[in-house]
Amino acid sequence: MNTRQFIAASAAALALLGAAGAHAESYEGVQAIIPFASRADVKAEAIAAAHEGNRYSDSAAEGTVAVNSTLDRSAVRDQAVAAAHNPLQSLDRRAFYRDEVPSAYKKPTVSFTRQAGL
């Protein structure tokens, strides 16, 4: 495209914008705040909204959910202690090549800690 064609295309585009009524937005300045409520009313609404909780959360409509367990406290504690002492507890197969845990890790006698030789 040579210079004449470019200038002609630009002039045509400007003419179309002018014909379409393109105009810039006007700046109206800073809008004045017109209070409709007193400070005390706004403060009371803010306190009520803060105590209401997050109405947009997934569990907001559920309220308090009761969990009925059939296990006693000592059984749950024993399970937690056993899981905490399991060296393979946090082993994630996605961390290994082709998502396969090496056979050395699958053995139940694997120990990741060394005992001090006394």
Check your understanding: In Å², what does the accessible area per residue of region 47-99 work out to with a 1.4 Å probe?
Key -> 97 Å²
**Study point:** 11 Å beta-carbon shell around LEU71, net charge (K/R +1, D/E -1)
**Key:** 0
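The values are calculated or read from the model by the stated rules, or taken from the named source; none is laboratory data. All values derive from a computational prediction rather than experimental measurement. Every residue, glycine among them, receives a Cβ derived from its backbone with ideal geometry; neighbour counts consider all protein chains shown. Note: accessible area is taken over every heavy atom of the protein model, side chains too, but ligands, DNA and RNA are not part of it. Shrake-Rupley method; radii C 1.70, N 1.55, O 1.52, S 1.80 Å.
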